[in-house]
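First up is the structure itself, then whatever we jot down about it.
Rule-based calculations on the coordinates, nothing more; no lab input. Small disclaimer: the values here were computed from a predicted structure and weren't measured. In this analysis, Cβ positions are derived from the backbone assuming ideal geometry, glycine residues included, and neighbour counts consider all displayed protein chains.
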Amino acid sequence: MEIKLIGVLFVLTVALLVSGCCCCYNYVPSGPAPTWNDIDVTDNGLVGAWGDLGATGNIVDAGGNFVGDAYGAEAYRFYDDGTYQYRIIGSGLVITGLAEVHGQYSIDGDTLLLYDNKDNWYPALGESQPGYKNKASDDRSYEFRLEDDDNQLVLIDEYGVESYFDRIDVDDR
């Protein structure tokens, strides 16, 4: 059962990234198009899709009774025009639905800056939190490195926590 769930999540994550579509919503950057002088993304190894299945398991109540499945998957797609999308989908105690962030990115050495961010939230049916689109959010900054012959992206947050993402679209490099 768990293997099937992991397979389904992986296929769903890849499909969401490849399609560029979520709930019939396609992100089109607004404002003037960035130029290569404005952003430093030329010939970088980040362009493409990166994903991680995250944790899977069972949710139980205080008595140990099965309540439901918990799963999660997250992915980034970096475009060569300096825009990006981040999606996380999950079911569990923390998130039940799809969260998406899109905006622009730049690279300075081993630092990745995500800016002009807009958040979207698509809750699962029955979720108490209402959905929203294009909610402005703070800039984010990560140290990063590529490992495993540039097939694994490691993002390091401000607290030193490392997150690993595997390249999904090897042919797009």
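See the values below:
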{"read-out": "Simple spin-label estimate for S106 and E143 in nanometres, 7 Å along Cα-Cβ", "value": "2.1 nm"}
{"read-out": "Listed peptides 125-138, 102-115, 75-88 by packing density, highest first (mean Cβ within 10 Å)", "value": "75-88, 102-115, 125-138"}
